[in-house]
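Comments concern the structure below.
The values are calculated or read from the model by the stated rules, or taken from the named source; none is laboratory data. Values in this document were obtained by computation on a predicted structure and should not be read as measured data. In this analysis, Cβ positions are derived from the backbone assuming ideal geometry, glycine residues included, and neighbour counts consider all displayed protein chains.
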Amino acid sequence: MLLSLPQKNGETATKFNLMKSIYLKEASAEKLRPTHEKGYIQRMQNLAEKDEPFTLAVFQNTGRIMTRFDYEKDQGNFCGHELQEDTKSIILYINCTIIECNFDGIWTLQLGSDLFSSADVVAMEIKLHKWLSKELKVQN
């Protein structure tokens, strides 16, 4: 017997709860990291509780900047990214996505086999947000 799913504004609970599920999975993943941030876990839980849509502002708010050393020490093995040789620092976002910054202040983003670079970090965030939204199959 199939159960009918509750609806909100005509959308099934499955679609409605997609971001809630993603935020809670992110909070759980953060708890497993070698040095987890309690504040980040709380932010993810709050986003899930409020059923926040995955807007650019929400995405940007998940970003945590760290040095290359700190990333490789604490997150590198967990996320599995191979950094560019000249990477100085990293911004780590939801779903283990990253944007790298080199010593000249140029931001680099790798999406699949494509590599994008810009002096404008916001342009890279917009590109990454659009890509991640498609990957997560969420609509903004």
Could you figure out which of (1) farther than 19 Å from Leu136 by Cβ; (2) out of contact with any helix residue (DSSP H, G or I) (no Cβ under 9 Å at 6 or more places or on another chain) isn't true of Asp114?
-> (1)
Where residues in the range 7-41 are surrounded by 11 or more Cβ atoms within 10 Å (Cβ to Cβ), of a type outside the set (Asp, Glu) and in a loop (DSSP other than H, G, I, E, B), which of them is modelled with the highest pLDDT?
-> His36
Can you tell me which residues in the range 109-140 are more than 17 Å from Asn95 (Cα to Cα) and either in a helix (DSSP H, G or I) or hydrophobic (A, V, I, L, M, F, W, C) (or both)?
-> Leu115, Phe116, Ala119, Val121, Val122, Ala123
Test result for Phe103, over 20 Å from Trp131 (Cβ atoms) and not acidic (Asp, Glu) | yes
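Residue-wise test of (1) over 12 Å from the mean Cα position of the chain (by Cα); (2) surrounded by 16 or more Cβ atoms within 10 Å (Cβ to Cβ); (3) under 20 Å from Lys25 (Cα atoms).
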{"residue": "Arg43", "(1), (2), (3)": "yes, yes, yes"}
{"residue": "Pro53", "(1), (2), (3)": "yes, no, yes"}
{"residue": "Arg68", "(1), (2), (3)": "yes, yes, no"}
{"residue": "Thr97", "(1), (2), (3)": "no, yes, yes"}
{"residue": "Cys101", "(1), (2), (3)": "yes, yes, no"}
{"residue": "Gly105", "(1), (2), (3)": "yes, no, no"}
{"residue": "Asp120", "(1), (2), (3)": "yes, no, no"}
{"residue": "Lys134", "(1), (2), (3)": "yes, no, yes"}
Spot the failing condition for Ser113; the list is (1) more than 20 Å from Glu85 (Cβ to Cβ); (2) at pLDDT below 95, and only one is missed.
-> (1)
Matching option when the condition is closer than 28 Å to Met19 by Cα and touching a residue at least 40 places away in the same chain (Cβ under 8 Å), among Ser113, Ser133 | Ser133
Tally the residues that are within 18 Å of the chain's Cα centre (by Cα), part of a helix (DSSP H, G or I) and surrounded by fewer than 19 Cβ atoms within 10 Å (Cβ to Cβ), restricting the search to the range 71-95.
-> 7
Check on Phe54, part of a loop (DSSP other than H, G, I, E, B) and touching a Ser or Thr at 6+ places or on another chain (Cβ under 9 Å) = yes
